[in-house]
Amino acid sequence: MRVELGQDHLHFALIKDAPLTNEDERFSHEKDNGEDEDVASLGKTCTLAIIKPDAVVHGNTDELIMKIQEAGFDILTNEERTMTEAEMRLFYQHRAGEEAFEKLIHHMCSGPSHLLILTRTEGVEDVVTAWRTLMGPCDPDVARREQPDSLRAQYGTQMPFNAVHGSQDRKDANRELALLFPSFKFSDEGTEAPQGGQVQGVVGPTESLSFPKNMD
């Protein structure tokens, strides 16, 4: 699969041997470097969602996916994967100096997660913002007080077991997708950088940890 990054958009080119969804079958066919490909060019922004190991081990994956779809998101990719330590250290490298970093890495590698690429066909809200709104505050206790209908309020327990991850912004979404889906080819040739800042279980110990509020 090749992904090309246009201004504020991700464009997907799907290799023809990959299974096609009904959405994919609507896309036109063209040749690239002499090989036939099914091309999915989406004039939509995308973001990464992760259903974390704690939600998977508690059997909440199907319910979460249903709620994501009911909220108006399209799931372009749903891949179950157990993260490697190397992936997660790079993924959370901007948190490396924080106290709970090692606990977070251990949790994210403790069992299978579901990695979703989300886009949105309805509404005026950007997909990155819409997904973060649906997730709710990072800390499940805060989420239950402030946004009781959010996913983290309903499915999270305590930090870092907050059920789902979402990219902070557009730039972060592009970085995370490139890291966790390395077969995607990003091309920013002739484009400007996206606006703003901006990829499955046994659960680890649940001792009380001091996590920053924005630790996803």
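Tabulated data for the structure shown
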read-out: Any hit, the range 23-42, residues being modelled with pLDDT of 95 or more, surrounded by 14 or more Cβ atoms within 10 Å (Cβ to Cβ), in a helix (DSSP H, G or I) and among the acidic types (Asp, Glu); value: no
read-out: Out of Ala55, Ala86, sole residue that is outside any loop (DSSP other than H, G, I, E, B) and either buried (at least 19 other Cβ atoms within 10 Å of the Cβ) or among the aromatic types (Phe, Trp, Tyr) (or both); value: Ala55
read-out: Some residue of the range 119-135 being closer than 16 Å to Leu64 by Cα, in contact with a strand residue (DSSP E or B) (Cβ under 8 Å, 6 or more places away or on another chain) and assigned to a loop (DSSP other than H, G, I, E, B); value: no
read-out: Any hit, the range 146-164, residues being of a type in the set (D, E, K, R), crowded, with 24+ Cβ neighbours inside 10 Å and assigned to a helix (DSSP H, G or I); value: yes
read-out: Close pairs (7 angstrom Cβ cut-off, 6 or more residues apart or separate chains): at positive phi in the range 142-163, of a type in the set (Ser, Thr, Tyr) and part of a helix (DSSP H, G or I) anywhere; value: Ala163/Tyr155
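So that you can scan it fast, the table gives a plain yes or no per residue for (1) of a type in the set (D, E, K, R); (2) at pLDDT 95 or above:
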| position | (1), (2) |
| --- | --- |
| Met88 | no, yes |
| Thr121 | no, no |
| Arg145 | yes, yes |
| Met159 | no, no |
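Per-residue answers, yes or no, for (1) under 20 Å from Asp74 (Cβ atoms); (2) modelled with pLDDT of 90 or more; (3) of a type outside the set (S, T, N, Q):
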| position | (1), (2), (3) |
| --- | --- |
| Phe101 | no, yes, yes |
| Ser110 | no, yes, no |
| Val128 | yes, yes, yes |
| Thr133 | yes, yes, no |
| Cys138 | no, yes, yes |
| Gly156 | no, yes, yes |
| Thr191 | no, no, no |
| Gly201 | no, no, yes |
| Gly204 | no, no, yes |
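The values are calculated or read from the model by the stated rules, or taken from the named source; none is laboratory data. Quantities reported herein were computed from a predicted structural model and do not represent experimental measurements. All Cβ positions, even for glycine, are placed from backbone atoms using ideal geometry, and neighbour counts span all protein chains on display.
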